[in-house]
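Values quoted throughout were computed directly from the atomic coordinates according to the rules given, and no laboratory measurement underlies them. In this text, all values refer to a predicted model and were calculated from it rather than measured experimentally. Cβ atoms come from the backbone with ideal geometry, glycine included; neighbour counts cover every protein chain shown.
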Amino acid sequence: QIKESATLTRDVLEQHFSDLKGTLKKLLDERLLSLLQEVDVIEQESIKPLDECQKLIEHGVSTADDLLREGESAVDGDVGQQNEKLCNFTKKALHIQLDSLPEVPSLVDVPCLSAQLDDCLLTILKNQIFRHGTVASRPPVQLEEFVEKPGGILVRWCKVDDDFIPQDYRLQYRKSSASHFEDAYVGSETEFIVLHIDPNVDYQFRVCARGDGRQEWSPWSVPQIGRTTLVPHEWTTGLEGYSLSSRRNIALRNDSQSCGVLYSKAPTYFCGQTLTFRQTVGQPDRRDSLGVCVEQQNGYDSLQRDKAVCISTNGAVFVNGKEMTNQLPAVTSGSTVTFDMEVVQLGPCSNEGGNFKLRVTISSNNREVVFDWVLDQCCGSLYFGCSFSYPGWKVLVF
């Protein structure tokens with residue numbers, strides 16, 4: 001692990017600084033080109049009026065030179081031609097303003113280009129570069145525990161750096177055969193149930209954190225393998241009053257007038273586990289029920305019957321069809337109802353049956369009831385079920 005992570009860290013550092021050098025060179029080249037273009041623009045704008053002034057002066061000098069040669073020719077000619085040439089020369093000289101020159105700017109008004117390059121940039125860059133990047137001997141958070149769930153895995157993690165103050169955590173996972181991780185959870189909790197996990201398949205998990213007030217994420221934890229051997233909870237297909245999701249872990253009470261209890265496909269709830277229902281609410285009815293039972297019994301419209309424990313949507317708790325005096329809050333949208341059971345056996349348990357007691361804890365909206373459920377037979381696994389009188393109820397089980 002040390003050698004592999006050290007090699008990976010070297011590769012990351014070399015690639016990052018190689019990319020950084022390429023980006024810096026590109027930015028410096030762009031800045032140089034911009035400054036050179038500024039020089040070109042100032043040069044062209046400043047030289048243009050001086051070029052025009054030079055052309056006017058050169059034209060005046062050329063005109064005066066031509067007039068001088070014409071005057072010399074008039075003087076050197078014969079007398080007959082002299083008078084005519086001198087007359088023409090005089091007329092031409094009067095029309096040419098030899099003493100008129102364009103205004104030439106003073107030397108201080110003529111642009112003189114220079115470049116100002118502040119050496120403090122190198123100092124600033126040097127300080128920033130020397131503080132850029134860190135090497136951590138271990139990540140600030142690590143994966144702590146994997147708990148098997150039916151069709152899922154409860155992942156727990158913990159902070160291992162006392163000086164690190166986390167703001168958010170980020171959990172990712174992938175099948176061991178996949179090439180890319182995907183986000184499972186981002187938030188402030190230190191545990192999360194990852195659902196839609198295929199049983200008996202290895203999954204790789206990793207977690208990182210974001211420090212308080214910071215934008216960047218910490219290094220990833222050491223990846224660890226988790227798996228579940230428990231098949232996912234599924235509702236039974238084919239009951240007229242309910243529509244199921246593709247994974248059959250979500251049941252929706254539809255508009256059908258048909259009523260009855262929707263059971264699990266198999267007795268997949270085992271004592272010692274936590275069974276969780278999360279629901280979207282519809283119109284409640286006192287006969288509604290969410291709970292577990294020893295066996296499927298058709299002909300009932302509720303789990304408020306023998307060999308079953310359940311909670312009604314108004315919060316009433318029923319054990320073998322009898323309502324308890326203790327009551328939970330009414331079921332609300334997005335809230336969870338959980339069932340936890342442990343075996344408390346009375347007398348010998350044999351194939352012929354016998355007294356069998358389960359310690360049941362039902363929790364809803366931060367309140368719970370605890371009671372003993374006495375059965376006349378051993379039950380290692382139980383069915384779960386639900387019943388709703390009106391449409392709009394939707395229940396996820398996990």
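What residue among Glu148, Glu70, Glu368 shows peak mean-square fluctuation when the chain is described by a Gaussian network model with Cα springs under 10 Å?
Glu70
In Å, the Kirkwood hydrodynamic radius of the chain over pairs of distinct alpha carbons?
Evaluated over the chain, this radius sits at 29.8 Å.
Checking a compactness column here: for region 178-267, what do you get for Rg(Cα) / (2.2 N^0.38 Å), N being the number of residues?
Details: Rg = 19.0 Å, N = 90, 2.2 N^0.38 = 12.2 Å.
Relative to the 2.2 N^0.38 Å estimate, region 178-267 comes out at 1.56.
Against the empirical 2.2 N^0.38 Å scaling, what ratio does the C-alpha Rg of region 234-277 come to?
Rounded to two decimals, the normalised Rg is 1.25.
For the chain, what are the DSSP H helices with axial Cα length of 30 Å or more and mean Kyte-Doolittle hydropathy of at least -1.0?
2-76
Compute the length gained on full extension between Asn365 and Glu295: take 0.36 nm times their separation in residues and subtract their Cα-Cα distance, giving the result in nm to one decimal.
This chain segment gains 22.4 nm when fully extended.
Summing -39500 (n - 2.57) over the DSSP H runs of n ≥ 4 in the chain and dividing by its residue number, what mean residue ellipticity at 222 nm do you reach, to the nearest 500 deg cm²/dmol? Don't jump to the answer; show the numbers that get you there.
Values: 3 runs with 104 residues, N = 398.
The per-residue figure over the chain is -9500 deg cm²/dmol.
In whole Å, how far is the Cα centre of region 132-157 from that of region 164-239?
Region 132-157 and region 164-239 have Cα centres spaced 8 Å from each other.
Considering every pair of different Cα atoms, what Kirkwood radius, in Å, is found for region 242-397?
After inverting the pairwise mean of 1/r, the radius is 15.7 Å.
Quantify how much of the Cα-Cα distance distribution of region 141-228 extends past 15 Å, in percent.
Every Cα pair in region 141-228 considered, those over 15 Å come to 55 percent.
At a temperature of 37 °C and a viscosity of 0.692 mPa s, determine how fast region 1-103 diffuses translationally according to Stokes-Einstein, using the Kirkwood radius over alpha-carbon pairs as Rh; express D in µm²/s, rounded to the nearest whole number. Intermediate results must be reported in sequence, preceding the final value.
Values: Rh = 20.6 Å.
The diffusion coefficient I find is 159 µm²/s.
Counting only other residues whose beta carbon sits under 15 Å from that of Val160, what net charge do I get with K and R as +1, D and E as -1? Walk me through the numbers on the way to the answer.
Values: positive: Arg138, Arg156, Lys159, Arg206; negative: Glu144, Glu145, Asp161, Asp162, Asp163.
It works out to a net charge of -1.
Which whole-number percentage describes the relative contact order of the chain, with Cα contacts under 8 Å and a sequence gap of 6 or more?
12
In terms of Cα to Cα distance under 23 Å, which lysines are near enough to Lys175, apart from those fewer than 8 places away along the same chain?
Lys149
Which one, Thr276, Thr123, Thr63, has the greatest fluctuation when you compute a Gaussian network model over the chain with C-alpha springs under 10 angstrom?
Comparing Thr276, Thr123, Thr63 in a Gaussian network model of the chain, the most mobile one is Thr63.
Mind giving me the FRET efficiency for Ile47 and Glu14? R0 is 35 Å, r the Cβ-Cβ distance, nearest 0.05 is fine.
After rounding to 0.05, the efficiency reads 0.10.
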